[in-house]
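Scroll down for the structure; my scribbles are underneath it.
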Amino acid sequence: MTGDEAAGGKGLRAVAEEALNLVTDGARVGLGTGRAASAFIAALGARRREGTLRVSGVPTSIASEKQARALGIPLVDLDEGVMLDLCVDGADEFSPALDLVKGWGGALVRERIVAAASRRQVILVGPEKRVAALGERGRIPVEVIPLARGFVAGELKKLGATPTQRMADADRRFVTDNGNIVFDCRLEKPLATPERAREFDAAVLAIPGVVDTGLFLGTAERVLVGHDDGRVETLLAKR
């Protein structure tokens, strides 16, 4: 492990522990996907094994489900009327307004559902995820039904995006847990304002065959930023 990796891991562990302070005994928790979410799930499992915190969870991906089961975290279904106390997840970008880009790991649709079924969405990130405008780090994911691949690609280009189908490797296309494909969309320029982000999101969602986008706008209650020295910066959304 390099020094940078060790430092980054320290930041992730710090935000995971900070997020644990928001989990009350008996809580139902949405379990996100990615490195930061995995650190939280590990910390949650450890606290449960100690017997100091009784919780149940709803995973946002097959990977998160496997990790939670291995750690003995009970899982529940999102049945009608079920509301989660909070969802803890990561993000690939966050803006000053705490709008997010998610989905580089491919779990954006399930992450959207679990976030919508949660009273609070808590996001864990490192400082490298901070941007002035969404799209700065290079791509916005769009999940698409395979049949609509060609049509959606053409419509995305009309919106000023350059879509590239995500590949699992050189010979296999990436397929989500839902059986769909993902276009990673590069923009001519970042989405400079919250209003522009919402306009672009609405236009993409209106394309037949699009399942969802990686733009999570106005969903986060707070963003916890873990720094290399173990310091945690807490950013609260202005509602």
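The values are calculated or read from the model by the stated rules, or taken from the named source; none is laboratory data. All values reported here derive from a predicted model rather than from experimental measurement. When we count neighbours, we look across all protein chains shown, and the Cβ atoms used for this are built from the backbone with ideal geometry, even at glycine.
Laid out as a table, the results:
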| item | result |
| --- | --- |
| The range 96-116, residues that are closer than 15 Å to R130 by Cα and buried (at least 24 other Cβ atoms within 10 Å of the Cβ) | D99, L100, V101, K102 |
| Yes/no for A220 being out of contact with any Leu (no Cβ under 8 Å at 6 or more places or on another chain) and among the small types (G, A, S) | no |
| Residue list for the range 28-84, filter: touching a strand residue (DSSP E or B) at 6+ places or on another chain (Cβ under 6 Å) and acidic (D, E) | E65 |
| Residue within the range 90-103 that is over 23 Å from V58 (Cβ atoms) and of a type in the set (F, W, Y) present | no |
| Residues located in the range 85-106, provided they are among the hydrophobic types (A, V, I, L, M, F, W, C) and in contact with a strand residue (DSSP E or B) (Cβ under 8 Å, 6 or more places away or on another chain) | L86, C87, V88, A91, F94, L98, L100, V101, W104 |
| Matching residues, the range 107-118, being touching a strand residue (DSSP E or B) at 6+ places or on another chain (Cβ under 6 Å) and either not assigned by TED's automatic domain parsing to the domain that holds V15 or not in a helix (DSSP H, G or I) (or both) | A117, S118 |
| Qualifying positions in the range 190-207 - loosely packed, with under 15 Cβ neighbours inside 10 Å and either of a type in the set (K, R) or more than 15 Å from K158 (Cβ to Cβ) (or both) | A192, T193, E195 |
| Any hit, the range 175-184, residues being aromatic (F, W, Y) and closer than 18 Å to G90 by Cβ | no |
| Verdict on G135 being surrounded by fewer than 22 Cβ atoms within 10 Å (Cβ to Cβ) and of a type outside the set (A, V, I, L, M) | no |
| Total residues in the range 204-239, condition hydrophobic (A, V, I, L, M, F, W, C) and over 14 Å from V144 (Cα atoms) | 11 |
